[in-house]
Amino acid sequence: MDFRDVWLAYNDTLLAQNQFAVEAIDLQVQQGEFIAIVGPSGCGKSTFMKLATRLKMPSRGSIRIDGQPVTGPLKISGMAFQAPSLLPWRTTVDNVLLPLEIVEPYRSNFKAKRKEYVERARQLLQKVGLGGYEDKFPWQLSGGMQQRASICRALIHEPKMLLLDEPFGALDAFTREELWCILRDLWTEQRFNVILVTHDLRESVFLADTVYVMGKSPGRFMHKQHIDLPRPRDLELTYTPAFTDIVHALRGHIGRNK
């Protein structure tokens, strides 16, 4: 994914007044790279995600995928949000299967290959620790379990890119760290691209290859930090001086306007 001088105003009136939600965004995501975007509330992180998925088109600049311009919503991406948004009338496995029912080329083959797809969903749920909960309904799962299922749903159609918008923000600290490790392991195994939007600096440093800090609205990238910590990373790393130094350095850039 390649962002070149991307600006977004939410309507023509704001554009005429030069009032932008995000401005001058330059970003290149390499194959298999895990990036995180951090910044204060209202700085444009979620707006950036809408641009990344092409739910919003830039007012200025260009966005390319594999060198090609994209003119509509991406089908190669999966998304997970702070709220799991599982459908309450569907079991866990049926919630995970949902993208295969609506995204081509899986949609056309869904009835014929349903048994194969169900097995894929069950295997994915096993990997995130939800074995035995496949046939439970969302109301029978804890918040952390629901978020695991949400991540499985985002990955079931084997997307090239996973987009995560504050996926662990509503969870307690212990569950959050457990899900960091689950996401780490899934990414290590499959090496899909990840763009993670988060308020949690520790989360960004633990998971990402590169962290971008956004300044106050209008949002723009104020700092780019390569995370030169060895992989695979375990939670013990988060208590080391090297880890803490990076977190403190990032915190110093939060809220800057220049």
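Please compute the length gained on full extension between His248 and Leu14, using 0.36 nm multiplied by the number of residues separating them and subtracting their Cα-Cα distance.
Working it through step by step, the gained length comes to 80.6 nm.
What do you get for Rg/Rh over the chain if you use C-alpha atoms and the Kirkwood form of Rh?
Details: Rg = 18.7 Å, Rh = 19.2 Å.
Reported Rg/Rh, Kirkwood definition of Rh: 0.98.
Taking the highest mean first, how do the peptides 205-211, 124-130 order by number of other beta carbon atoms within 10 angstrom per residue?
Those peptides, ordered most packed to least, come out 205-211, 124-130.
Describe numerically, in nm with one decimal, the distance between label points set 7 Å from Cα along Cα→Cβ at Asp66 and at Gln28.
1.9
Using the count of nearby Cβ atoms within 10 Å as a rough guide to exposure, how do Arg184, Arg64 rank from fewest to most?
Result, fewest neighbours first: Arg64, Arg184.
Considering the zone a paramagnetic label at Leu55 would reach in this model (a point 7 Å from Cα along the Cα-to-Cβ line), which residues of segment 1-42 have amide N under 16 Å from it?
10, 22, 42
What ranking do Tyr117, Tyr10, Tyr239, Tyr106 get, fewest neighbouring Cβ atoms within 10 angstrom at the top?
Tyr239, Tyr10, Tyr106, Tyr117
Within segment 147-181, which residues have the backbone N less than 15 Å from the label spot 7 Å out from Thr188 along Cα→beta-carbon, could you tell me?
178-181
Take every DSSP beta bridge whose two residues both sit in the chain, then give the antiparallel share in percent to the nearest 5.
The antiparallel fraction comes to roughly 45 percent.
Only residues of segment 138-164 count here: report those whose backbone N is under 15 Å from the spot 7 Å along Cα→Cβ of Arg231, or say none.
161-162, by backbone N distance to the label point.
What per residue convex hull volume, in Å³, comes out for segment 1-148 when only alpha-carbon positions are used?
Each residue corresponds to 158 Å³ of Cα convex hull volume.
Determine the distance separating the Cα centre of segment 204-242 from the Cα centre of segment 133-182; give it in Å without decimals.
Rounded to whole Å, the Cα centres lie 21 Å apart.
Give me the one-decimal Kirkwood hydrodynamic radius in Å for segment 87-159, with the sum taken over alpha-carbon pairs.
12.0
Rule-based calculations on the coordinates, nothing more; no lab input. Quick caveat, the model's predicted, so the values are computed rather than measured. Neighbour counts are summed over all protein chains in view; Cβ atoms, including those assigned to glycine, are modelled from backbone coordinates with ideal geometry.
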